[in-house]
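Structure record follows, encoded as structure tokens.
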Amino acid sequence: MEDKKIAVSLRDVSKRFGKVQANSKVSLDIYNGEILALLGENGSGKTTLMNMLAGLYFPDEGQIVINGQEAIIANPRDSFKYGIGMVHQHFKLVDVLTATENIILGLNGKLGKKQAREKIVEICDKYGFDLDPDKKIYDMSVSEKQTVEIVKVLYRNASILILDEPTAVLTPQEVEKLFNVLRKMKADGKAIVIITHKLHEVEELSDKVAVLRKGKYIGTLITKETTIQEMTDMMVGESINLDIERPDPVNPKKRIEVKNLSVVSDDGLKKLDDVSFDINSGEILGIAGISGCGQKELLEAIAGLQKTCDGSSITYIGDDGSKEEIVGMDPLKVSRMGISFSFVPEDRLGMGLVGNMDIVNNMMLRSYRNKGIPGFVERKEPRKLAEDVVNELNVVTPGITTPVRRLSGGNVQKVLVGREIASAPKVLLTAYAVRGLDINSSLMIYDLLNQQKKKGVAVVFVGEDLDVLLALSDRILVMCGGKVSGIIDGRTADKNKVGLLMTKLGGEE
Amino acid sequence: MENKRREPLFHIVKRDTLPAWQSVGIRIIAILIALVVCAILTTALTGDNPFDVYYTMFQGAFGTERKTWFTLRDLSILLLISLALTPAFKMCFWNIGGEGQVLAGALAAAACMICLEDKIPDPVIVLLMIVTSIFAGAFWAFIPAICKAVWNTNETLSTLMMNYIATQLVAFFIIKWEVPKGSGKIGMICQDSHVGWLVDPMGNKFLLSIIVAAVITVIMYIYLKYTKHGYEIAVLGGSVQTARYAGIKVGKVIVRTVCLSGALCGVVGLLLVGSVNHTLTTTIVGGQGFTAVMVSWLAQFNPFVMVLTSLLIIFLDRGASAIATSFGVNESFSDMITGIILFFIIGCEFFIRYKVIFKKNSAEATVNTAKAEAKENSTEKIKDKATANEEKEDEE
């Protein structure tokens with residue numbers, strides 16, 4: 001592959017958002033006629049890096065060299081000029097216009113719709129796209145919209161294509177179609193970068209794999225010569241000796257029985273497909289899976305925040321063995337039945353807390369109804385609770401009347417977890433409870449979860465770090481594409497096995 | 001050199017909350033700049049002494065006792081509408097239908113007076129007026145609210161459209177009830193019997209709306225800050241997802257809050273017909289339903305600050321018409337002055353919330369980007385301070 005020409009070269013590129021170092025001195029070469037997979041955990045800076053090529057962000061430091069010359073990409077227009085085209089994860093199309101109109105939108109010069117249409121048809125024939133240039137966007141399926149985005153980029157004569165998680169929203173058949181198109185483009189000498197979480201897709205499609213971790217460039221592997229194991233190791237980094245305690249389950253009893261749970265999203269995608277499992281008291285159930293495989297929907301369905309399909313069943317089993325069907329009930333109704341659920345959602349400020357409110361006000365979010373003089377809120381208890389949480393969990397904040405949006409991610413999370421645990425729940429659902437937290441804060445959260453477990457609480461821990469899941473959970477439920485791929489014992493589980501279950505249903509080759 | 005570093009000219013950064021004195025300072029500077037700009041414009045266009053103009057403005061608003069009362073009355077009406085809109089706004093429900101909701105209340109009050117004048121005793125009529133106008137205002141808000149709650153329609157459009165319906169409805173009834181026939185006006189309602197005229201406390205006909213405004217300001221402050229309803233409104237305004245997570249019934253809170261908003265607008269309609277004007281016209285609200293949006297926003301939904309912001313608007317408004325009459329310039333000129341002052345006051349909010357970092361020459365630019373890292377990096381700390389100082393100057 002030595003004869004391949006470098007299309008784009010990133011040199012020591014850094015980007016910082018406030019306190020977050022999104023990219024730190026990343027150097028990366030992208031070759032013509034090659035497909036490069038960009039790999040990394042959530043928040044490792046893949047998208048930020050590519051957005052700098054697309055002209056959406058401007059690098060704080062470093063150079064971008066295109067075809068041997070330093071390039072300044074200050075806006076998307078510059079990016080087009082250099083032949084870079086990016087297909088974003090969230091499509092940027094105008095619904096009421098046709099494919100053709102969307103494709104020529106923003107171009108200079110006369111709107112030559114007829115010529116444009118001809119050129120589009122030509123591009124489609126060349127690469128084997130299936131696209132009706134006169135169809136309106138709102139009539140299109142997700143995959144058709146994606147096709148429009150790709151054709152749009154090709155129409156602008158892009159020679160460097162960046163695709164941000166293009167397969168996340170596609171069916172397997174559509175993925176295959178897309179890959180064929182990408183291979184044709186590669187044969188045509190274009191440089192292609194694909195951001196993805198799915199390792200088997202990386203293996204299938206790419207020539208090289210570049211790995212980012214925590215904003216830093218770790219290395220590039222030749223796909224043929226590497227294994228999924230090696231890629232994961234690079235992605236996750238050396239496993240830090242996380243000394244996570246795992247006490248034995250305390251008198252585990254069935255607490256929640258989930259049966260045939262299915263969820264369909266608003267745009268008709270099946271997010272959860274016939275999921276059945278049990279949650280036990282006094283036990284931590286880990287949930288593993290590539291992000292977006294239905295973990296969010298699963299927790300929200302149990303918490304009563306997600307519409308479920310007919311036939312789904314979620315049964316709560318009380319201490320005395322009484323059974324209550326709680327599927328489809330809103331959180332208020334469930335709590336009025338005397339069932340105390342705690343839920344630490346993935347989207348902390350978008351769902352778990354109100355960013356503009358201070359810590360005190362956030363403390364009473366789930367309990368304000370039952371306290372104080374009727375009609376008026378009572379802030380004495382929440383204030384005490386806020387002080388306790390700040391002290392016990394070492395929340396770094398100017399005071400308890402500081403709006404939570406002004407705290408750092410880890411501290412926001414402590415406030416949220418602190419509140420949820422304070423309500424003495426029977427069931428504690430957590431989604432990515434340690435995301436964005438440093439090691440010490442993470443360990444503190446694990447500790448809190450273990451304490452809850454010892455109290456007999458049924459804890460569900462959705463995590464992304466396999467090492468943590470393996471060290472903390474009593475049982476691990478592995479999800480893949482909205483289905484249960486397997487449930488394994490946390491004490492005997494093998495990381496490899498979990499990885500395979502995550503990427504392939506049932507884990508078979 | 002073609003490859004010269006070409007950075008964007010400046011970029012904008014959101015800043016942390018400023019200390020109170022700094023944000024007040026920025027506002028004062030903005031007002032001063034506005035006054036200077038107005039002064040230059042006045043001298044350039046009319047040749048008048050700008051200080052005379054400002055003095056006249058003040059005289060126009062507070063020159064005599066009578067003028068002061070008028071100012072206070074106008075203030076109270078605008079304040080009341082602003083207070084009415086605030087709960088909805090705080091919930092991120094963009095109720096720009098205040099105009100229509102006030103008109104609906106006014107129409108209901110007028111209908112009671114006109115249709116029942118000789119039929120039932122005065123106190124009953126007053127009671128009926130109060131009830132019907134509150135209901136009419138609430139109903140006018142209920143329609144967009146229920147649409148939003150059930151079908152998630154865009155409330156900006158629906159509340160706006162309800163305004164036009166209310167105006168046309170009032171126009172229709174004015175023709176129906178016109179006195180004398182053919183005049184196209186209603187004139188003073190119950191001019192002789194004074195049926196349905198609300199009381200004038202201490203014989204002062206301005207006082208009623210002022211008292212109502214003062215009471216509602218306090219109540220609204222308590223409602224938003226200390227009640228469960230107020231808390232729910234704030235949560236819902238923060239994030240609908242969070243509200244659902246907290247078990248708040250989103251649709252119910254939307255309908256309840258928006259109806260409250262409309263009901264208060266109805267009260268304003270009642271005051272306008274029953275106390276301030278004793279008549280009904282299609283322009284009785286005079287666009288204050290929209291001005292109130294600005295008042296409420298400028299005060300950042302704090303009822304007490306709203307007293308100040310509505311005072312500012314009314315002061316400018318009355319001052320401007322005083323300039324127009326006493327300097328013999330046309331109305332547009334005074335509108336220009338009000339416009340300029342408002343532009344600066346609203347514009348300075350941007351500088352309170354954001355910081356503009358201008359392009360430096362390239363050496364400094366790198367220092368600037370390294371600013372955050374510089375905290376750990378002592379060598380650059382000194383340079384950093386230098387740039388920080390420059391930034392401060394840039395903002396001014």
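Coordinate-derived values only; no laboratory data. All of these numbers come straight from a predicted model, not from anything done at the bench. Backbone-built Cβ (ideal geometry, glycine too); neighbour counts: all protein chains shown.
Observations on the structure shown:
- Taking other C-beta atoms within 10 Å as the exposure proxy, A:142, A:415 rank A:142, A:415 from fewest upward.
- Per residue of the protein assembly as shown, the DSSP helices (runs of n ≥ 4 H) give a summed -39500 (n - 2.57) that works out to -16000 deg cm²/dmol at 222 nm.
- Crossing angle, helix A:439-454 versus chain A [Cα axis fit, 0-90 degrees, rounded to tens]: 40 degrees
- Within the listed set B:282, B:153, B:56, the residue fluctuating most in the Gaussian network model of chain B (springs between alpha-carbon atoms under 10 angstrom) is B:153.
- Computed Kirkwood radius, in angstrom, where 1/r is averaged over Cα pairs of the protein assembly as shown: 32.0 Å
- Dipole-positive endmost among A:373, A:412, A:444 within the stretch A:349-456 (Cβ charges, Cα centre): A:373
- Helix runs (DSSP H) in chain B reaching 20 Å along axis by Cα, Kyte-Doolittle at least -1.0: B:20-46, B:65-90, B:98-116, B:122-151, B:155-177, B:207-226, B:250-271, B:303-326, B:331-353
- Most positive-pole-ward Cα, A:485, A:159, A:48, against dipole of chain A from beta carbon charges: A:48
- Theoretical FRET efficiency, 1/(1+(r/R0)^6), r = Cβ-Cβ of residue A:115 and residue A:95, R0 30 Å, to 0.05: 0.80
- Size of charge dipole - chain B - debye, nearest 20, with Cβ of Lys, Arg +1 and Asp, Glu -1, no other charges: 1120 debye
- Think of the stretch A:175-230 as a dipole: +1 on every Lys or Arg Cβ, -1 on every Asp or Glu Cβ, centred on the Cα centre; then among A:191, A:229, A:209, A:191 lies furthest on the positive end.
- Between the stretch B:327-345 and the stretch A:304-318, the alpha-carbon center distance in angstrom: 62 Å
- Cα centroid of the stretch A:106-148 to Cα centroid of the stretch A:7-84, whole Å: 27 Å
- For chain B, the relative contact order is 31 percent, taking Cα pairs closer than 8 Å that sit 6 or more residues apart in sequence and dividing their mean separation by the residue count.
- Shape class for the stretch A:362-418: prolate, because the ratio a/c of the largest to smallest gyration tensor axis (alpha-carbon atoms, square roots of eigenvalues) is 1.5 or more and a/b beats b/c.
- Test item: A:377-383 mean partner chain Cβ contacts at 10 Å: 2
- Projected-area mean, chain B, by convex hull of Cα positions, square nanometres: 27.8 nm²
- Put in order of Cβ neighbour count within 10 Å, fewest first, the listed residues A:101, A:387 become A:387, A:101.
- If you model chain A as an ellipsoid using its alpha carbon gyration tensor, with each semi-axis the square root of five times an eigenvalue, the axes come out at 43, 25, 24 Å, biggest first.
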